[in-house]
Amino acid sequence: TTGTLVVESRPVGAAVTVNGKPVGTTPLTVNDLPPGEYRIVMTLQGYRTLTTTVRVVAGERARAAASLTALEQ
């Protein structure tokens, strides 16, 4: 009835929000999510903010992984 979301980033330690709600820092696993589309935002000081959408399916693991891009100095 629920799914799992795994969020990873390079470098690690990015702050993660799911549908606007802070959930922790990468690497991160969020369990017991109802199926549906989720907007994932990763932010890390000195790097560009990354936004992606992930579909969570009941009984499965969805994965959002990103290599963050450093800001120009």
Applying the Karplus parametrisation 6.51 cos²θ - 1.76 cosθ + 1.60 with θ = phi - 60° to the phi angles of segment 9-25, what ³J(HN,Hα) value in whole Hz is obtained for each residue in order, glycine and proline being reported as x?
-> 9, 10, x, 6, x, 6, 6, 10, 10, 10, 6, x, 9, x, 10, x, 10
Rg/Rh for the chain: what does it come to with C-alpha atoms and Rh from Kirkwood?
-> 1.00
In debye to the nearest 20, the charge dipole size for the chain, taken about the Cα centre with +1 at each Lys and Arg Cβ and -1 at each Asp and Glu Cβ, equals 40
Starting from the amide H of Thr2, placed 1.01 Å from N in the peptide plane, find each other amide H under 5 Å away whose residue is 5 or more places distant or on another chain.
-> Gly59
Karplus-derived 3J(HN,Hα), 6.51/-1.76/1.60, for each residue of segment 49-58, Hz, glycine and proline x | 5, 10, 10, 8, 10, 10, 9, 9, 10, 4
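Here, each number is a calculation from the coordinates, and none is a lab measurement. Just so you know, these numbers come straight off a predicted model, no measurement behind them. In this analysis, Cβ positions are derived from the backbone assuming ideal geometry, glycine residues included, and neighbour counts consider all displayed protein chains.
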